[in-house]
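K.L.:
Please find one structure pasted underneath; my questions will follow.
All of the numbers you see were taken from the coordinates with simple rules; none came from a lab. No experiment lies behind these values; they were computed from the predicted model shown. Note that we place each Cβ from the backbone using ideal geometry, even for glycine, and neighbour counts take in every protein chain shown.
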Amino acid sequence: MLIKESHHDVLTSGGTTMRIFVYHPHIPQFPQAKFPGVIVYSEIYQVTGPVARFARQIASQGYICVAPSIYHDFEGPEPLAYDGPGTDKGNDYKVQKTVASYDEDNKLTVDYLLSLKTCTGRIGATGMCLGGHLAYRAALDKRVIAATCFFATDIHSHSLGLNKSDDSLARSAEIKGELALIFGKLDPHVPPAGRDLIRKTLEDNGVRFGFYEFPWAQHAFVRDEFSKGRYDAAITKVGLEILFELFGRTLKVELGAEGVPEDVEDVC
């Protein structure tokens, strides 16, 4: 499917301008076609080449992808460099920005998608690293009905935002949509105990979710440049298939009201 790219600037309550990068499916023969929307949250470097290419892959399957520039509180929408100074700046911004500002970014981005005549009104979210956490947190908005979170950081340690004191895991019972959480077992940012805590908390709170761990994947395995040897195209492909299964079932299909599940037979 073809894609048209553009951007849309939104004024925040703090007086800053958040740029939303738009990757819109385009079928020339069907100018009135409608598509589900997907928020694509970036890692700590804002919307870099790898994030844009990730969004294009999703958009080409029939989703309006929008990627907000999350550090508008501090600077413009340009991506940070994948180097030492860029990493330090991104990590500093991550904990200088308030959780309320992250949440407003999500609200404004969902509002924008719902304002589009070409959007069906069914919204999902995805992201990597910091963006994985933001995609998870996006699901606290009842308008977001599915989220695929790639190696989401800081959920287990509730250390996102100013004062490192987010309530993302504590509020997990509020999530009514479906989650897919994808991790590499070699990821030092989310150790085994952290993954276990996330999984148990979601299970205890009755959240509908899938949990996937790849034995040889490290952190940032989706990032296809400057990845410090971590990019794994094969695992990324599987991760995208998990994303497309979830989004295809929840965003593209109108399931209607949920009925009583069938009993599972204990037979081979």
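K.L.:
Which ³J(HN,Hα) values in Hz, rounded to whole numbers, follow from the phi angles of the range 29-34 under the Karplus curve 6.51 cos²θ - 1.76 cosθ + 1.60, where θ = phi - 60° and Gly and Pro get x?
P.N.:
6, 10, x, 9, 4, 10
K.L.:
Amide H of R122: which non-local residues (sequence gap of 5 or more, or other chain) have their own amide H closer than 5 Å, using H built in the peptide plane?
P.N.:
Hits under the 5 Å cutoff: G37.
K.L.:
I'd like the distance between the alpha-carbon centres of the range 88-127 and the range 37-71, rounded to an integer number of Å.
P.N.:
First find each Cα centre; the distance between them is then 11 Å.
K.L.:
Sorted by packing (mean other beta-carbon atoms within 10 Å per residue), highest first, where do 229-238, 157-166, 243-252 land? Mind showing how you got there, number by number?
P.N.:
Numbers: 229-238: 14.2, 157-166: 16.2, 243-252: 18.4.
Final packing ranking: 243-252, 157-166, 229-238.
K.L.:
Per-residue counts of other Cβ atoms within 10 Å, averaged by peptide: what ranking do you get for 23-32, 102-111, highest first? Please report the intermediate quantities before stating the final value.
P.N.:
Details: 23-32: 12.6, 102-111: 19.3.
Ranked from most to least packed, the peptides come out as 102-111, 23-32.
K.L.:
Cross-link list K117/K142; K97/K117; K94/K237: which exceed 22 angstrom alpha carbon to alpha carbon?
P.N.:
Values: K117/K142 20 Å; K97/K117 32 Å; K94/K237 28 Å.
Beyond 22 Å between Cα atoms: K97/K117; K94/K237.
K.L.:
If contacts are Cα pairs under 8 angstrom and at least 6 residues apart, what is the relative contact order of the chain in percent? Present the calculation step by step, with values, prior to reporting the outcome.
P.N.:
On the way: 537 pairs, mean separation 40.4, N = 268.
The value is 15 percent.
K.L.:
Put a dot 7 Å past each Cα toward the Cβ at N163 and D224; how far apart are the dots in nm?
P.N.:
4.2
K.L.:
Further question on the same structure: Could I have the simple spin-label model distance between D9 and K185, label points 7 Å from Cα toward Cβ, reported in nm to one decimal?
P.N.:
Spacing of the two 7 Å Cα→Cβ label points: 4.9 nm.
K.L.:
Any idea what the alpha-carbon Rg over 2.2 N^0.38 Å comes to for the chain? Don't skip to the end; give the middle numbers.
P.N.:
Working: Rg = 17.8 Å, N = 268, 2.2 N^0.38 = 18.4 Å.
Its radius of gyration relative to the 2.2 N^0.38 Å reference: 0.97.
K.L.:
Could you tell me the calculated FRET efficiency between I27 and D111, based on Cβ-Cβ distance and R0 = 22 angstrom, to the nearest 0.05? Could the numbers behind the result be given before it?
P.N.:
Values: r = 25 Å, r/R0 = 1.15.
After rounding to 0.05, the efficiency reads 0.30.
K.L.:
In nm, to one decimal, how far is the V267 label point from the V253 one, both placed 7 Å along Cα→Cβ?
P.N.:
2.4
K.L.:
Given Cβ point charges of +1 (Lys, Arg) and -1 (Asp, Glu) and nothing else, what value in debye, to the nearest 20, does the dipole of the range 223-263 about its Cα centre take?
P.N.:
Working: 6 positive and 9 negative charges, 81 e Å.
Here the size comes out at about 380 debye.
K.L.:
Using the Karplus curve 6.51 cos²θ - 1.76 cosθ + 1.60 with θ = phi - 60°, work out ³J(HN,Hα) for each residue of the range 47-57 in order, rounded to whole Hz, and write x for Gly and Pro.
P.N.:
For the range 47-57, the Karplus-derived couplings read 8, 8, x, x, 5, 5, 5, 4, 5, 5, 4 Hz, x marking Gly and Pro.
K.L.:
Could you grab the relative contact order for the range 149-230? Cα pairs under 8 Å, six or more apart, rounded to a whole percent. Don't skip to the answer; put the middle values down first.
P.N.:
Working: 119 pairs, mean separation 27.7, N = 82.
Once divided by the residue count of the range 149-230, the mean separation gives 34 percent.
K.L.:
Moving to a separate point now. What is the sum of charges, Lys and Arg at +1 and Asp and Glu at -1, for the other residues whose Cβ falls under 15 Å from the Cβ of A100? Please report the intermediate quantities before stating the final value.
P.N.:
Values: positive: K94, K97, K107, R137, K164, R171; negative: D73, D103, E104, D105, D141, D166, D167.
Net charge in that neighbourhood comes out at -1.
K.L.:
Shifting gears a bit: Once you have the alpha carbon radius of gyration of the range 170-268, what is it after dividing by 2.2 N^0.38 Å, with N set to its residue count? Write out the running numbers ahead of the final one.
P.N.:
Values: Rg = 16.2 Å, N = 99, 2.2 N^0.38 = 12.6 Å.
So the Cα radius of gyration is 1.29 times the expected 2.2 N^0.38 Å.
K.L.:
Let me ask another. Between K176 and D196, what length comes free when the chain is fully extended (0.36 nm per residue of separation minus the Cα-Cα distance, one decimal in nm)? Don't skip to the answer; put the middle values down first.
P.N.:
Values: separation 20, 0.36 × 20 = 7.20 nm, distance 2.09 nm.
Difference between extended and current length: 5.1 nm.
K.L.:
For the range 2-250, give the magnitude of the charge dipole about the Cα centre (Cβ charges: +1 Lys/Arg, -1 Asp/Glu; no others), in debye to the nearest 20.
P.N.:
On the way: 27 positive and 29 negative charges, 137 e Å.
That gives the range 2-250 a dipole magnitude of about 660 debye.
K.L.:
Using only Cα positions of the range 7-113, each an equal point scatterer, no hydration layer, compute I(q)/I(0) via Debye at q = 0.10, 0.11, 0.12, 0.23 Å⁻¹ and quote the log10 values to two decimals.
P.N.:
For the range 7-113, the Cα-only Debye profile gives -0.30, -0.36, -0.42, -1.26.
K.L.:
³J(HN,Hα) across the range 211-216 via Karplus (A = 6.51, B = -1.76, C = 1.60, θ = phi - 60°), whole Hz, x for Gly/Pro?
P.N.:
Karplus values, whole Hz, x for Gly and Pro: 10, 10, 10, 9, x, 10.
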